[in-house]
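All remarks here apply to the structure that follows.
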Amino acid sequence: MLGFKGFDKNLKCRDKQYEIGKTYEEDEAKLCNKGLHFCEHPLNCFEYYSPAENRFAEIEAEDVDAETSDDTKRVAKKITIKAELSIKGLVDAAIKFVFDRATWDDTDKTTGNRGAASATGDQGAASATGNRGAASATGNRGAASATGNRGAASATGDQGAASATGNRGAASATGDQGVASATGKNSVAMAIGYEGRASAAKGNWLTLAEWKKNKKGELNIKTVKTVKVDGKNIKPNTLYTLKNGEFIEADK
């Protein structure tokens with residue numbers, strides 16, 4: 001089973017040292033008690049390790065106990081630490097997690113759980129309102145909205161908008177001048193396109209990219225940073241962009 005695991009900055013989890021590429025085994029596996037714990041949903045890792053200073057990895061789990069929790073936390077007797085993931089990689093994995101489990105509809109709106117809506121033309125709108133729903137807008141100036149818990153919204157066209165309002169949601173805007181918003185609890189808004197902007201509720205996380213031009217005039221990513229919306233240094237429900245490595249309030 002594929003999963004995701006959080007660690008501290010030294011790649012430790014509960015005083016156990018891990019290494020990328022290594023396999024670990026324990027004799028027993030009991031949820032929240034014994035064994036090697038991980039999450040099926042990538043963003044559930046944030047409930048145990050905040051993204052600001054900690055590290056995350058994709059893992060392969062074997063001999064997984066059948067017991068599940070309210071989130072997607074699981075426990076196994078054997079795991080392999082496959083690869084370390086950046087915050088961008090974790091958010092991308094979260095969107096893939098939801099999209100892979102969604103039931104796609106030909107319409108641009110779906111209300112059922114695990115439903116998915118897709119809008120591929122310019123200025124299209126896709127809305128998924130059920131839990132674990134997926135909304136994708138791939139055209140320019142498209143809008144994707146996921147309102148249920150553990151939903152994912154992805155807008156890949158230029159000037160696109162992605163919004164995730166449910167708990168543990170992920171909103172990703174990867175096109176130029178895109179806007180991402182996450183208002184549910186334990187959620188992430190990621191805008192990594194050129195001049196991207198993102199906002200989130202207090203306690204959530206923003207991930208933004210800053211771009212620069214090389215000598216040929218081509219744009220390349222300069223840095224990608226993540227910050228928690230603490231209500232003091234970073235205001236809730238306020239659009240931010242990344243400039244000179246700092247989060248600054250953006251024009252609406």
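Brief remarks on what is shown
- Cα-derived Rg to Rh of the chain, Kirkwood definition: 1.00
- Label separation (ASN233 vs THR120): 4.4 nm, computed from points 7 Å beyond Cα along the C-beta direction.
- For the options ALA61, ALA173, ALA135, a Gaussian network treatment of the chain with springs between C-alpha atoms closer than 10 Å singles out ALA61 as fluctuating the most.
- The relative contact order of the chain, computed from alpha carbon pairs under 8 Å that lie at least 6 residues apart in sequence, is 10 percent.
- Alpha-carbon centroid distance for the pair segment 183-252 / segment 48-84, whole angstrom: 27 Å
- Distance from segment 125-141 to segment 9-46 (C-alpha centre basis), Å: 33 Å
- Distance (nanometres) between label positions extended 7 Å along Cα→Cβ at LYS16 and LYS34: 1.2 nm
- Choice from ALA200, ALA119, ALA83 showing the highest fluctuation, given a GNM over the chain with Cα pairs closer than 10 Å: ALA83
- Straight Cα distances below 30 angstrom link LYS22 to the lysines LYS5, LYS9, LYS12, LYS30, LYS34, LYS73, LYS77, LYS78, LYS82, LYS88, LYS96, LYS225, with same-chain residues fewer than 8 positions distant left out.
- Using θ = phi - 60° and Karplus 6.51 cos²θ - 1.76 cosθ + 1.60, couplings along segment 222-230 (whole Hz; Gly, Pro as x): 8, 7, 10, 10, 10, 9, 8, 7, 8
- Normalised Debye scattering of segment 128-252 at q = 0.19 Å⁻¹ gives log10 I(q)/I(0) of -0.90, counting only Cα atoms as equal scatterers and leaving out solvent.
- Couplings 3J(HN,Hα) of segment 62-68, computed from phi: 10, 6, 7, 5, 6, 5, 10 Hz, in residue order, whole Hz [Karplus 6.51 cos²θ - 1.76 cosθ + 1.60, θ = phi - 60°; x for Gly and Pro].
- Helix 87-101 and the longest principal axis of the Cα set of the chain meet at an angle near 80°.
- Net charge, ILE221 excluded, C-beta distance under 9 Å - Lys, Arg +1, Asp, Glu -1: +1
- Rg(Cα) / (2.2 N^0.38 Å) computed for segment 2-85, rounded to two decimals: 0.97
- Calculated FRET efficiency for the pair LEU2/GLU249, C-beta based, R₀ 41 Å, to 0.05: 0.60
- Residues whose amide H comes within less than 5 Å of that of ALA164, counting only those at least five positions distant or on another chain, are ALA146, SER181, ALA182, THR183 (H built at 1.01 Å from N in the peptide plane).
- Entry note, the chain: the mean residue ellipticity at 222 nm calculated from DSSP H runs of n ≥ 4, each adding -39500 (n - 2.57), is -2000 deg cm²/dmol after division by the residues and rounding to the nearest 500.
Bear in mind that the values in this text are calculations on the coordinates, not laboratory data. Keep in mind that this is a model prediction, so the values were computed, not measured. Cβ: placed from backbone, ideal geometry, glycine included. Neighbour counts: every protein chain shown.
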